[in-house]
Amino acid sequence: IPGGVLRPGDFSKAVPGLRRLMNMAHDPVYGPENLYDDPLAAAVMAFQNAQGLDADGVVGPRTLALMNMSVEDKMKQVIANMERLRWLEDERPEKYI
């Protein structure tokens with residue numbers, strides 16, 4: 001992403017790639033293919049919300065890093081968190097995540 005940040009309403013050659021990451025097709029009703037339009041912004045905000053980020057629709061370094069995380073990276077993260085959980089004190093609340 002040129003300049004490191006992509007905001008709704010911006011025009012960028014990175015938009016078609018962002019659409020692919022979000023599994024969206026371009027709809028010419030919303031403007032040219034390189035316009036970061038409202039439906040794409042809504043999809044990005046839903047992704048950000050699901051990842052625990054501020055759902056502002058702005059694609060910055062943190063959002064982009066999470067979008068580009070591979071399945072293998074996610075699996076490694078789960079394994080590391082499970083290992084951390086093993087080392088917690090035995091006294092845990094009945095319900096925890």
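Please identify every one of the GluC sites (Glu not before Pro) in the chain that sits in a loop by DSSP and has no more than 13 other beta carbons within 10 Å of its own beta carbon. Please list the in-between numbers first.
Details: sites: GLU33, GLU72, GLU83, GLU89, GLU91, GLU94; in loops: GLU33, GLU89, GLU91, GLU94.
Taking the chain and a limit of 13 other Cβ atoms within 10 Å, the loop GluC sites (Glu not before Pro) found are GLU89, GLU91, GLU94.
Please arrange PHE11, PHE47 by accessible surface area, largest first, computed with a 1.4 Å probe and ligands excluded. Display every interim value, and only then the final one.
Details: PHE11 130, PHE47 45 Å².
Accessible-area ranking of PHE11, PHE47, largest first: PHE11, PHE47.
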Legend entry - Option label - P(r) over Cα pairs in 10 Å bins from 0, in percent computed here, alternatives [x] 15, 44, 28, 10, 2, 0; [y] 14, 38, 23, 14, 8, 2; [z] 15, 52, 30, 2: [y]
Legend entry - the stretch 1-40-the stretch 64-79 distance, computed between alpha-carbon centres (Å): 23 Å
Legend entry - Accessible surface, the stretch 19-58, averaged per residue in Å² (probe 1.4 Å): 60 Å²
Inset, instruction - Scan the chain and hand back the longest stretch that contains none of the trypsin sites (Lys or Arg not before Pro) lying in DSSP loops with at most 16 other Cβ atoms within 10 Å. - result: 14-94
Inset, instruction - Provide Rg and Dmax in Å for the stretch 37-91, with only Cα atoms included in the calculation. - result: 15.0, 50
Legend entry - Taking the chain and dividing mean pair separation by its residue count, relative contact order in percent (alpha carbons under 8 Å, at least six apart): 24 percent
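The values are calculated or read from the model by the stated rules, or taken from the named source; none is laboratory data. Note that the coordinates shown come from a computational prediction; the quantities given were computed from them, not determined experimentally. We place every Cβ from the backbone using ideal geometry, glycine too, and count neighbours over all the protein chains shown. Just so you know, the surface numbers come from the protein's heavy atoms only, side chains and all, with ligands and any DNA or RNA stripped out. Shrake-Rupley method; radii C 1.70, N 1.55, O 1.52, S 1.80 Å.
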